[in-house]
Amino acid sequence: MTNSNIIQPLLRIKDIRRRFMLGETAIDALHGVSLDIHASEFLAVWGPSGSGKSTLMNIIGLIDAPTAGEVWFDGEDTHKLKDNAITDFRGKRIGFVFQSFNLVPVLSALENVMLPLQIQGVAEAAARERAAQALIDVGLGKFKSQRPDKLSGGQRQRVAIARALVVEPRLIIADEPTANLDSENSTMIIDLMRQMNRSKGVTFVFTTHDPRLLAHVDRKVLLRDGLIVEDEVTQ
Ligand SMILES: Nc1ncnc2c1ncn2[C@@H]1O[C@H](COP(=O)(O)OP(=O)(O)O)[C@@H](O)[C@H]1O
Ligand SMILES: [Mg+2]
């Protein structure tokens, strides 16, 4: 093993561009974004609405491909992965948390958290056990059998965080995870992600347009009009 294995970033994006076509009109959402994210970082991407945060998160999360530029994950050039290999790669290494929680309404909290494991073919009993532990980790051990509509917004987002954590991913991407929460629950969700980052070493990247939530991040990257205009290490 060489030193390069130690310093290699978890994620390296190089000169990413993303153009959307709306009929004849080209919309350039990202104009050349480069970023290295190292394992165990806790990083916020912030900036006004329309600055390209979601576009960047979808590219980092391998949901979308850039129009130009490179995305390296764990030293692998993801452009070289075929479609089904990308799905598998993403399923094992990346967890997602969304603004709208995206829980399945007819399933209990436990069943929601079990889903990504079942998709990976983990046996039912093992999936149940791991999901139960993930709910305990986020402080919802007593809410296993509740359906989402019986939970508060903050609790729903905690279930979503448990669902992202349960596959033991390298990276969790949370696109505006607090946009539908009041300020108290927003702080609670950021604190919970921070705690999971520290205790499990999972890398977190979240986006927000609310600068008040940046108090406890290690690093904040400011996007404006599809460009990184500040990249500040704060702790
Ligand atoms: N699928 C799409 N088709 C066309 N334009 C898009 C699409 N997704 C995003 N955009 C445009 O790209 C720009 C950046 O959007 P987005 O990444 O959603 O910003 P943010 O998440 O910071 O609000 C905006 O001008 C938006 O209208
Ligand atoms: Mg967005």
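Within the group F73, F96, F89, which residue is over 28 Å from R224 (Cβ atoms) and either within 16 Å of ligand 1 (Cβ to nearest atom) or touching a residue at least 24 places away in the same chain (Cβ under 8 Å) (or both)?
On the way: F73 fails: over 28 Å from R224 (Cβ atoms); F96 fails: over 28 Å from R224 (Cβ atoms).
Unique residue meeting the criteria: F89.
Is it fair to say N197 is within 16 Å of ligand 2 (Cβ to nearest atom), touching a residue at least 12 places away in the same chain (Cβ under 8 Å) and more than 20 Å from G52 (Cβ to Cβ)? I'd like the intermediate steps shown before the answer.
On the way: within 16 Å of ligand 2 (Cβ to nearest atom): no; touching a residue at least 12 places away in the same chain (Cβ under 8 Å): yes; more than 20 Å from G52 (Cβ to Cβ): yes.
For N197, the condition - within 16 Å of ligand 2 (Cβ to nearest atom), touching a residue at least 12 places away in the same chain (Cβ under 8 Å) and more than 20 Å from G52 (Cβ to Cβ) - is not met.
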Could you check the range 46-68 and list, in sequence order, the residues that are more than 7 Å from ligand 1 (Cβ to nearest atom) and of a type in the set (V, I, T)?
I59, I60, I63, T67
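Can you tell me which residues in the range 148-205 are assigned to a loop (DSSP other than H, G, I, E, B) and over 21 Å from D74 (Cβ atoms)?
Looking only at the range 148-205, we keep the residues that are assigned to a loop (DSSP other than H, G, I, E, B), and these are 151-152, 166-170, 176-182, 201-202.
Selection gives L151, S152, E176, P177, T178, A179, N180, L181, D182.
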If I ask for residues that are more than 16 Å from ligand 1 (Cβ to nearest atom) and either among the polar types (S, T, N, Q) or surrounded by fewer than 17 Cβ atoms within 10 Å (Cβ to Cβ) (or both), which ones from the range 99-112 would you list?
N102, V104, P105, V106, L107, S108, N112
Considering only the range 192-227, state which residues are modelled with pLDDT under 95 and of a type in the set (D, E).
D210, D218
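Take the range 175-194 and flag every residue that is within 16 Å of ligand 2 (Cβ to nearest atom) and of a type in the set (A, V, I, L, M, F, W, C). Lay out the reasoning, then the answer.
Kept after step one, since they are within 16 Å of ligand 2 (Cβ to nearest atom), are these residues of the range 175-194: 175-181, 186.
Hits for the range 175-194 are A179, L181.
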Tell me which residues, restricted to the range 15-38, are free of Cβ contacts under 8 Å to residues at least 40 places away in the same chain and of a type in the set (A, V, I, L, M, F, W, C).
F20, M21, L22, A26, I27
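Being among the acidic types (D, E) and either within 16 Å of ligand 2 (Cβ to nearest atom) or assigned to a strand (DSSP E or B) (or both) is the filter here; which residues of the range 43-99 pass it?
Let us first name the residues in the range 43-99 that are among the acidic types (D, E), namely 64, 70, 74, 76-77, 83, 88.
D64, E70, E76, D77 - these are the residues of the range 43-99 that are among the acidic types (D, E) and either within 16 Å of ligand 2 (Cβ to nearest atom) or assigned to a strand (DSSP E or B) (or both).
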From the list R163, R219, R170, R198, pick out the single residue that is among the basic types (K, R), more than 22 Å from I59 (Cα to Cα) and more than 16 Å from ligand 1 (Cβ to nearest atom).
R198
With the first residue restricted to the range 39-55 and required to be closer than 13 Å to R219 by Cβ, and the second required to be of a type in the set (K, R) and within 6 Å of ligand 1 (Cβ to nearest atom), Cβ contacts under 6 Å at 6 or more apart or on different chains are V45/K53
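The values are calculated or read from the model by the stated rules, or taken from the named source; none is laboratory data. These numbers were taken from a predicted model, which means no experiment stands behind them. When we count neighbours, we look across all protein chains shown, and the Cβ atoms used for this are built from the backbone with ideal geometry, even at glycine.
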